[in-house]
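The values are calculated or read from the model by the stated rules, or taken from the named source; none is laboratory data. Treat the numbers as computed from the prediction; the structure is a model and nothing was measured. Here the Cβ is made from the backbone with ideal geometry for all residues, glycine too, and neighbour counts use every protein chain on show. The accessibility values were calculated without ligands, DNA or RNA, using every heavy atom of the protein model including side chains. Shrake-Rupley method; radii C 1.70, N 1.55, O 1.52, S 1.80 Å.
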Amino acid sequence: MSQASNSAESTLISLEEQRAVEQFLYREARMLDDRQYTEWLGLLADDCTYLVPTRENVQAVRGKPPVTTEDELAGLAYYEDDKLTLMAKALRLGTGTSWSENPPSRTRRLVSNIEVLRGEAPDELLVYSNLVLHRSRRTDEVSQFVGQRRDVLRQTEKGFLLVKRVVLLDMNICDSSHMGNFF
Amino acid sequence: MGRSVDPSIEEEIPGLLSEDGTWVSRRLFFDADLYEIEKHRVFARSWLMVGHESQIPNPGDFFLSSMGEESVLVVRDNEGKVRVHLNSCPHRGMPVCREDRGNTRTFYCVYHGWSFGRDGALAGLPNQRASYPKDFDKSNLGLIAVPRVETYCGLIFANHDAGAVSLDDYLGDARWYLDTSLNRRAGGIEVLGVQKWRIGTNWKVPAENMVGDVAHASASHASIFQIAPGDPTFDLALKSVLEYGRNVALPGGHGGTYRVYPKDDTEGRMPGEHVIREAPGVGEYLASVQAEAEERLGEVRKHVKIATCTTFPNLFLLGSNFTFRVAHPRGPMKSELWSWVFVDREAPQEVKDAMRKFYTMTFGPGGMFEQDDGENWEGVTYGASGIEASAHPFHYGAGLDAGPHPELPGRVSTVYSEHTQRNLYLRWQELMLQP
Ligand code: FES
Ligand SMILES: [Fe+2]
């Protein structure tokens with residue numbers, strides 16, 4: 001995904017648009033925290049793609065530029081989904097037999113640093129945000145998943161739909177048997 | 001990492017299992033003293049899988065891996081030979097490699113600046129003239145080599161025991177089965193990795209699961225069968241498990257659960273197999289390489305598929321999910337799973353993409369199957385460890401019908417049998433009894 005440009009043109013976003021995007025992300029976070037998975041699926045475009053890559057430790061070479069995020073992407077992701085497989089994963093959480101999430105974990109998604117840019121298509125916005133997913137599970141298991149989201153939102157008559165999400169988690173090794181919550 | 005162990009534990013090892021392995025002490029799954037002894041008697045003597053050759057195609061390519069708890073550096077040298085070194089500077093032990101993979105001429109230790117060639121030899125020694133005599137011998141100050149490195153189907157195995165049997169002899173008949181996934185085409189496989197995640201479980205729990213625990217599937221993975229209600233291919237797959245599934249125990253503690261389909265069946269009926277076969281290009285690809293695979297595997301094996309298997313001690317392979325993985329021990333009640341996806345090297349990109357996506361949908365810590373496995377493996381380890389509970393051994397008595405088979409190597413039974421687990425633990429005990 002292309003890096004955010006600093007040029008004034010690409011950041012010509014109205015206050016209303018900025019607010020609408022923020023409200024969309026907050027609403028989405030609340031739906032997931034409240035386990036409203038069917039409603040959450042309604043926020044996804046039919047051509048939605050969803051990627052959560054693994055991040056590798058890579059060393060900069062002396063005298064060369066610093067390590068970029070792209071240098072750290074290994075290829076094999078934790079999530080590499082489309083709408084159909086996201087539906088399967090979300091439906092599974094409602095079966096009553098998805099034992100890693102039954103009893104369900106308690107999650108709190110904190111979304112911040114929301115930066116809205118014009119997207120590649122005229123009806124699309126490119127949205128960066130930071131995510132802290134705090135999760136309490138069983139009696140005392142606490143996990144934190146922290147990272148950056150790079151989203152593409154499409155403006156439709158029904159409001160925004162999520163067309164593309166890349167979640168760059170900062171961890172190298174996942175310190176849990178279960179990262180089945182959506183990011 | 002190393003700590004001393006109460007010597008009285010030696011007297012207890014023979015009693016940890018009943019004679020035929022039907023009863024297994026819960027202490028295997030949490031006891032810190034047994035864990036300490038395992039490092040020497042199991043992990044320092046076994047062939048441990050560290051990665052695949054396709055991860056390091058060129059001279060200087062390297063990746064970090066692990067043998068037991070210890071970090072190792074796997075590198076291809078200038079002659080094309082794969083070497084495995086301890087990732088511990090011979091000077092003071094600083095890890096000489098602190099990144100997951102890359103390509104380099106030298107490994108540079110960031111503490112005092114010693115540097116090492118791709119072959120591990122000490123290449124650069126700062127202040128050499130001020131510090132050491134003119135004729136100083138550097139030859140025994142290279143990276144510490146793991147003495148034995150051998151490969152099978154490109155899988156790189158290393159062994160700390162210089163006198164160990166060859167990898168081929170160690171794997172024995174496990175190769176006959178591994179070939180059905182890894183050796184279908186002349187070009188072999190390539191891999192993509194690595195997903196890494198930590199589970200609060202002893203390494204033996206995933207090992208016994210993948211050595212042939214078919215009985216867990218319908219309870220542990222009920223959610224998957226629920227979201228595909230009435231899917232006839234799923235039903236067929238489930239029903240055919242009892243008919244075509246075979247659990248096989250092999251010498252050396254290896255084993256697995258395999259499917260032996262009828263001679264006229266080339267479609268395959270592994271649970272979920274229809275999903276991947278329907279992905280763009282995949283069905284056509286599999287059909288187009290069937291003749292080559294049959295030619296290479298022969299009359300019997302062309303019908304054999306790996307569901308899940310364990311290569312002793314901690315390498316597992318799942319055939320229809322295109323993955324192999326290792327459970328690295330990280331403490332008596334902690335494991336780190338490292339998981340790779342494998343695909344035929346010569347498959348079209350579209351097919352590789354579909355197989356990779358099918359893997360991540362189902363397996364790994366975000367996969368629909370494996371999260372629920374992790375839940376159980378942590379629960380088992382925790383549940384084994386109570387003072388009162390640990391006095392009551394686990395029962396591994398299911399399925400007493402295992403025996404020889406006219407076509408398949410090893411001791412063979414139907415799937416609802418725990419004889420492959422008994423075989424795994426009896427091998428573990430045999431090693432633990434050798435000081
Ligand atoms: S510890 Fe590596 S050079 Fe001193
Ligand atoms: Fe399982």
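Things worth noting here:
- Residue match in region A:139-148 (condition: more than 12 Å from the chain's Cα centre (by Cα), within 17 Å of A:VAL52 (Cβ to Cβ) and either modelled with pLDDT of 95 or more or open to solvent by 50 Å² or more (accessible area, probe 1.4 Å) (or both)): yes
- Helices (runs of 4 or more DSSP H) lying entirely in region B:136-240 (those with 3 or more residues that are away from ligand 1 (no atom under 16 Å from the Cβ) and more than 27 Å from B:GLY367 (Cβ to Cβ)): B:167-171
- Subset of region B:63-109 [of a type in the set (A, V, I, L, M, F, W, C) and assigned to a strand (DSSP E or B)]: B:PHE63, B:LEU64, B:MET67, B:VAL72, B:LEU73, B:VAL74, B:VAL75, B:VAL82, B:VAL84, B:LEU86, B:PHE107
- Filtering A:ARG135, A:ARG154 for residues that are part of a strand (DSSP E or B), within 14 Å of chain B (Cβ to nearest Cβ) and more than 11 Å from the chain's Cα centre (by Cα) leaves a single hit, A:ARG135.
- Considered as a group, the residues in region B:85-122 that are near ligand 1 (Cβ under 9 Å from one of its atoms) and surrounded by fewer than 14 Cβ atoms within 10 Å (Cβ to Cβ) include one that is nearest to the other protein chains (Cβ to nearest Cβ), and that residue is B:VAL110.
Conditions (1) within 16 Å of ligand 2 (Cβ to nearest atom); (2) within 13 Å of chain A (Cβ to nearest Cβ), marked per residue:
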{"site": "B:LYS305", "(1), (2)": "no, no"}
{"site": "B:THR308", "(1), (2)": "yes, no"}
{"site": "B:ASN314", "(1), (2)": "no, no"}
{"site": "B:LEU318", "(1), (2)": "yes, no"}
{"site": "B:THR323", "(1), (2)": "yes, yes"}
{"site": "B:LEU337", "(1), (2)": "yes, yes"}
{"site": "B:ASP344", "(1), (2)": "no, no"}
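- Enumeration of residues in region B:321-331 that are modelled with pLDDT of 95 or more and either crowded, with 22+ Cβ neighbours inside 10 Å or within 14 Å of the chain's Cα centre (by Cα) (or both): B:PHE322, B:THR323, B:PHE324, B:ARG325, B:VAL326, B:ALA327, B:HIS328, B:PRO329
- Residues (of a type outside the set (A, V, I, L, M, F, W, C) and not in a loop (DSSP other than H, G, I, E, B)) located in region A:114-132: A:GLU115, A:ARG118, A:GLU124, A:TYR128, A:SER129, A:ASN130
- Some residue of region B:39-57 being within 14 Å of chain A (Cβ to nearest Cβ), surrounded by 16 or more Cβ atoms within 10 Å (Cβ to Cβ) and within 16 Å of ligand 1 (Cβ to nearest atom): no
- Filter result (open to solvent by less than 30 Å² (accessible area, probe 1.4 Å) and more than 14 Å from chain A (Cβ to nearest Cβ)) within region B:182-207: B:LEU182, B:GLY187, B:GLY188, B:ILE189, B:LYS204, B:ALA207
- Taken residue by residue, region A:113-120 has at least one member that is open to solvent by less than 20 Å² (accessible area, probe 1.4 Å), touching a helix residue (DSSP H, G or I) at 6+ places or on another chain (Cβ under 9 Å) and more than 10 Å from every other protein chain (Cβ to nearest Cβ).
- Matching residues, region A:39-93, being more than 7 Å from chain B (Cβ to nearest Cβ), under 23 Å from A:ASN181 (Cα atoms), without any contact (Cβ under 8 Å) to a residue 12 or more places away in the chain and open to solvent by less than 60 Å² (accessible area, probe 1.4 Å): A:GLY42
- Qualifying positions in region B:385-410 - modelled with pLDDT of 95 or more and either under 30 Å from A:SER105 (Cα atoms) or in contact with a Leu (Cβ under 8 Å, 6 or more places away or on another chain) (or both): B:PHE394, B:PRO409, B:GLY410
- Among the residues making up region A:9-38, a single one is loosely packed, with under 14 Cβ neighbours inside 10 Å and within 14 Å of chain B (Cβ to nearest Cβ): A:THR38.
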